[in-house]
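Notes for the one structure printed next.
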Amino acid sequence: MLQTLTFSGPRLINAAASFFRYESGSAGGADESIRVRADGQDLGLYFPGDAIELPQAMGAWEITPSTPACAGTVRLGVGRVQSARLVGTVRVIDGERDKVAAGVCFRGSQGLTGGPNGPLIQIYNPPGSGRNLFMQAIRIGSSGADAYGITRNTNALPTAASGITNMRKAGTASVAQIYTDKTGAAVLNPEQVASGFVAASSEVIIQFPRQLMLAPGEGAIAYIQAPANTIRANFEWEEWPV
């Protein structure tokens with residue numbers, strides 16, 4: 001016999017069951033996954049539509065939503081029911097929207113006028129951050145016509161700056177840091193990623209069809225060559241655990 005039960009936040013269900021299915025759930029656009037344990041055994045994370053059938057019945061089922069406000073329904077019991085009928089609210093999965101709602105998407109921007117040498121603006125993933133940065137796009141603007149480039153390196157530039165925003169207002173702070181420099185004649189261990197020319201009072205957008213990964217201890221530097229020009233750089237990336 002199968003029974004359908006609801007949950008709103010964590011719930012313990014004392015029922016003999018060998019079959020479990022996460023029927024439907026809602027978390028207001030946030031993470032809808034739940035962690036399931038049966039008789040103390042961790043069965044992993046489940047999303048709406050996921051199910052498991054065990055070789056023997058378990059007596060205590062624990063449901064712990066990843067998002068405290070998540071509520072939904074589950075079905076459990078002995079035996080299994082299959083149906084092509086769609087249960088609950090149906091929505092088209094939008095991966096980009098869900099990532100923003102999960103708080104893993106960030107943007108950073110900074111401007112700098114050159115000095116003894118052309119200005120440099122860097123997005124840097126500090127050692128030991130515990131996350132990888134996956135760069136999606138970098139915008140570079142210049143006050144005057146100039147050559148531009150993006151290099152990847154392994155050391156932070158000397159001057160710390162600000163300007164990083166989580167795309168979800170209530171999201172956590174980024175592990176990344178922005179640094180600048182206008183005195184260094186060269187970048188240590190440069191690795192060229194992109195280069196070209198930008199018109200005066202204009203910008204170029206470098207999009208990465210395959211995301212550029214910055215592991216802890218790595219950075220990406222946007223630069224223009226003329227010391228008299230002002231650079232404006234905008235970075236867009238995602239952060240995921242290492």
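The values are calculated or read from the model by the stated rules, or taken from the named source; none is laboratory data. Being a predicted model, the structure only gives us computed values, none of them experimental. A quick note on method: Cβ atoms are made from the backbone with ideal geometry, for glycine too, and the neighbour counts reach across all protein chains shown.
Have a look at Ala185, Ala194 and point out the one that is over 21 Å from the mean Cα position of the chain (by Cα), assigned by TED's automatic domain parsing to the domain that holds Glu236, part of a strand (DSSP E or B) and at pLDDT below 95. Walk me through how you get there before you give the answer.
Details: Ala185 fails: part of a strand (DSSP E or B).
The conditions single out Ala194.
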Looking at (1) under 20 Å from Gly111 (Cα atoms); (2) of a type outside the set (A, V, I, L, M, F, W, C); (3) modelled with pLDDT of 95 or more, can you tell me which one Gly163 breaks?
(3)
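With the structure loaded, tell me whether Arg210 is at pLDDT below 95, of a type in the set (D, E, K, R) and more than 15 Å from Arg131 (Cβ to Cβ) or whether it fails that test.
Details: at pLDDT below 95: yes; of a type in the set (D, E, K, R): yes; more than 15 Å from Arg131 (Cβ to Cβ): yes.
Judged against the criteria, Arg210 is a match.
Might you check whether a residue that is more than 25 Å from the chain's Cα centre (by Cα) and among the β-branched types (Val, Ile, Thr) occurs anywhere in the range 200-222?
Initial filter on the range 200-222 (more than 25 Å from the chain's Cα centre (by Cα)): 200-203.
Add one more test, that the residue is among the β-branched types (Val, Ile, Thr), and what stays is none.
Scanning the range 200-222 turns up no residue that is more than 25 Å from the chain's Cα centre (by Cα) and among the β-branched types (Val, Ile, Thr).
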Scanning for something buried (at least 17 other Cβ atoms within 10 Å of the Cβ) and touching a helix residue (DSSP H, G or I) at 6+ places or on another chain (Cβ under 9 Å), does the range 13-30 turn up at least one residue?
yes
Out of the residues in the range 152-171 that are part of a strand (DSSP E or B) and free of Cβ contacts under 8 Å to residues at least 40 places away in the same chain, which is surrounded by the fewest Cβ atoms within 10 Å (Cβ to Cβ)?
Ala160
Of residues in the range 31-50 being farther than 21 Å from Asp98 by Cβ and touching a residue at least 12 places away in the same chain (Cβ under 8 Å), the one surrounded by the most Cβ atoms within 10 Å (Cβ to Cβ):
Ala38
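Do any strands (runs of 3 or more DSSP E) entirely within the range 1-66 hold 1 or more residues that are among the β-branched types (Val, Ile, Thr), and if so, which? Steps first, please.
Values: elements: 2-8, 11-26, 34-38, 41-46, 51-65.
Where strands (runs of 3 or more DSSP E) fall fully within the range 1-66 and carry at least 1 residues being among the β-branched types (Val, Ile, Thr), they are 2-8, 11-26, 34-38, 51-65.
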For the range 107-116 the number of residues that are surrounded by 16 or more Cβ atoms within 10 Å (Cβ to Cβ) and more than 20 Å from Glu203 (Cα to Cα) is 0
What is the number of the single condition among (1) more than 22 Å from Thr113 (Cα to Cα); (2) in contact with a Lys or Arg (Cβ under 6 Å, 6 or more places away or on another chain) that Asn234 does not meet?
(1)
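Suppose the filter is outside the structural domain of Gly171 (by TED's automatic domain parsing) and either farther than 19 Å from Ala17 by Cα or surrounded by fewer than 20 Cβ atoms within 10 Å (Cβ to Cβ) (or both); does Ala60 pass it? Give the steps one after another, and end with the answer.
Working: outside the structural domain of Gly171 (by TED's automatic domain parsing): yes; either farther than 19 Å from Ala17 by Cα or surrounded by fewer than 20 Cβ atoms within 10 Å (Cβ to Cβ) (or both): yes.
Judged against the criteria, Ala60 is a match.
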